[in-house]
1. Go through segment 28-55 residue by residue and tally those that are under 28 Å from Ala210 (Cβ atoms) and outside any strand (DSSP E or B).
2. So which residues in segment 59-83 are in a loop (DSSP other than H, G, I, E, B), in contact (Cβ under 8 Å) with a residue 24 or more places away in the chain and not aliphatic (A, V, I, L, M)?
3. Can you confirm whether segment 170-180 contains a residue that is open to solvent by 10 Å² or more (accessible area, probe 1.4 Å), closer than 18 Å to Ala227 by Cβ and at pLDDT 95 or above?
4. Take the residues in segment 195-243 that are modelled with pLDDT of 95 or more, in contact with a strand residue (DSSP E or B) (Cβ under 7 Å, 6 or more places away or on another chain) and among the small types (Gly, Ala, Ser); name whichever of them is surrounded by the fewest Cβ atoms within 10 Å (Cβ to Cβ).
5. Can you spot a residue in segment 121-136 that is under 25 Å from Asp22 (Cα atoms), open to solvent by 40 Å² or more (accessible area, probe 1.4 Å), modelled with pLDDT under 95 and of a type outside the set (Lys, Arg)?
6. Within segment 148-169, can you find the residues that are open to solvent by less than 20 Å² (accessible area, probe 1.4 Å), more than 15 Å from the chain's Cα centre (by Cα) and closer than 19 Å to Ala126 by Cα?
7. Within the bounds of segment 97-114, is there any residue that is in a loop (DSSP other than H, G, I, E, B), open to solvent by 20 Å² or more (accessible area, probe 1.4 Å), of a type in the set (Lys, Arg) and under 27 Å from Ile62 (Cα atoms)?
Amino acid sequence: MGDIPRIQTFSNVADWADAAQDIIVDALDNGQRQQTGWASFAGSGGSTPTPIYERLAKRRTIEAWQHTFVTLVDERYVPEDHPDSNAALLKRTLLRHEAAGAEFIPLYRPAITVDRAAALAAHSLAAELDGQGFDAVLLGMGEDGHICSMFPDSPTLKTLLAPALRPTVLGVPHGRDGAAPSLERLTINLPYLMSARRVVLAISGAAKRAVFEREAAGDPAVQPIAALIAADVPLDVLWTEKA
């Protein structure tokens, strides 16, 4: 069982976003130097990471981004022209300016089922990574404690959190009786986070800090934050009170 990481606290969003992008850029640049000239990044959806993405888009050189592939930690099972698409969000915020030349690997595929789409995405990621882990991952966290698409009480949760499985992408059914998620999703699993070189968890607001502290002390079999810690994921937790 790993130790609960120290929460790095920032007084404003600008400093918080700057710190997150510094960690990510350092990890990507190290990855390019240490591997075959390529780096890999997986980012989250939602509104929280937008200021981080906007900084990253301008931070590295065009040449560095042209040797980086970018994907998502999770995606709703919807095409890119859907308003809930994480791919569309990433293209609006990150994959522009200097980062426009990065290679984007989508998780969504127009397959017959979400599980088939997940299998296709898993194959593409495995081919790109060629046995390596992501150089950098940016995570957010919901107020229910979910990361990626690892939702409390989901029938796929224990499988997604199983540390002994190989890194892969799995389909997540929509929740029943009002439970999250409202749409089918695709998500990477815990072993992908375990194999990453650097994972940034960026959270904001007093409510989410309380959720993190509660979940960190929970059961790693069913609580994703506790699972990250128990699996010794290389985790940086960055928090600002300003949502």
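1. Summing the residues that are under 28 Å from Ala210 (Cβ atoms) and outside any strand (DSSP E or B) in segment 28-55 gives 12.
2. Correct list: Arg60, Thr61, Gln66, His67, Tyr77, Pro79, Glu80.
3. Looking for residues that are open to solvent by 10 Å² or more (accessible area, probe 1.4 Å), closer than 18 Å to Ala227 by Cβ and at pLDDT 95 or above, one finds at least one in segment 170-180, hence yes.
4. The qualifying residue surrounded by the fewest Cβ atoms within 10 Å (Cβ to Cβ) is Ser204.
5. Yes - at least one qualifying residue is present in segment 121-136.
6. Scanning segment 148-169 gives no hits.
7. There is no residue in segment 97-114 that is in a loop (DSSP other than H, G, I, E, B), open to solvent by 20 Å² or more (accessible area, probe 1.4 Å), of a type in the set (Lys, Arg) and under 27 Å from Ile62 (Cα atoms).
The values are calculated or read from the model by the stated rules, or taken from the named source; none is laboratory data. As the structure is a prediction and not an experimental result, all values here were calculated from the model. All Cβ positions, even for glycine, are placed from backbone atoms using ideal geometry, and neighbour counts span all protein chains on display. Quick note on the areas: whole protein, heavy atoms, side chains included, nothing else; ligands and nucleic acids left out. Shrake-Rupley method; radii C 1.70, N 1.55, O 1.52, S 1.80 Å.
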